[in-house]
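Beneath this line is the structure, given in structure tokens, with notes to follow.
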Amino acid sequence: MACWLFKSEPDEYSIADLQRDKTTVWNGIRNYQARNFLRDEVAVGDEVLFYHSSCKPTAVAGLAKVVRGAYPDPSQFDPSSPYYDAKSKPEAPRWVCVDIAFKAAFKHPVTLDRIKATPALSEMLLVKQGRLSIQPVTEDQSKQVQSLAK
DNA sequence: GCCAACGTTGGC
DNA sequence: GCCAACGTTGGC
């Protein structure tokens, strides 16, 4: 089982929204590096750290799990969607999405500042490569983050 | 709202 | 098939 970190702007979709909805489609990914992870490596049963980005403070806010592997993101073919991509054809979809389910909302979200200040987490891509909305996390890192949230 | 980092694109 | 330009991302 692999672990991942998914970023979302809480104004758009927060861990509280996921708690309410139970499951959601993780769509709208329009960055190639993130898509490659989604398409090639994210699998059913994988653990997901749910990260709130572009807010104050940015933090890992909860836990989710993958319940459906990569399939074509329907929004890329919908002209009325903000995620519409005219260059993507149904016979060769450019973008994919996965489904995730709620597992937990952290009582104490683990802020980016805290992660940066924790030596065991200094190798996280979150710290080393900021701009990546889907990223792999080691099992140790995931456990560390979860223990900081208690 | 700046701008740095990345993968992809496309002109040559 | 090189490589400059582009689009996306997200902390500051």
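The values are calculated or read from the model by the stated rules, or taken from the named source; none is laboratory data. The shown structure was predicted, so the numbers you read here are calculated from the model rather than taken from an experiment. Quick reminder, even Gly has a Cβ in these numbers, built from the backbone with ideal geometry, and neighbours come from all protein chains shown. Surface areas here come from the heavy atoms of the whole protein model, side chains and all, with no ligands, DNA or RNA. Shrake-Rupley method; radii C 1.70, N 1.55, O 1.52, S 1.80 Å.
For helix A:139-148, report the angle its Cα long axis makes with the longest principal axis of the Cα atoms of chain A; keep it between 0 and 90° and round to the nearest 10°. That helix lies at roughly 60 degrees to the long axis.
The count of lysine pairs in the range A:3-148 whose Cα atoms are under 12 Å apart, excluding pairs fewer than 8 places apart on the same chain, comes to 4. Counting only protein chain heavy atoms and rolling a 1.4 Å probe, the accessible areas of A:102, A:6 rank, largest first, as A:102, A:6. Put simply, the amide H of residue A:105, placed in the peptide plane, has neighbours under 5 Å in A:63, leaving out anything fewer than 5 places away on its chain.
Shown in residue order for the range A:99-107 are the 3J(HN,Hα) couplings computed by the Karplus curve 6.51 cos²θ - 1.76 cosθ + 1.60 at θ = phi - 60°: 10, 10, 10, 5, 10, 7, 10, 5, 5 Hz (x for Gly and Pro).
The 3J(HN,Hα) values that the Karplus relation (6.51, -1.76, 1.60; θ = phi - 60°) gives for the range A:113-120 are, in residue order, 4, 5, 4, 4, 8, 9, x, 5 Hz. Gly and Pro appear as x. Taken one residue at a time, the phi angles of the range A:89-94 give Karplus couplings (6.51, -1.76, 1.60, θ = phi - 60°) of 10, x, 6, 9, x, 8 Hz. Gly and Pro are set to x.
Counted by Cβ distance under 13 Å from residue A:104, the other residues give a net charge of +4, where Lys and Arg count +1 and Asp and Glu count -1.
Counting only protein chain heavy atoms and rolling a 1.4 Å probe, the accessible areas of A:124, A:1 rank, largest first, as A:1, A:124.
At an R0 of 30 angstrom, the distance between the Cβ atoms of residue A:67 and residue A:117 translates into a FRET efficiency of 0.35.
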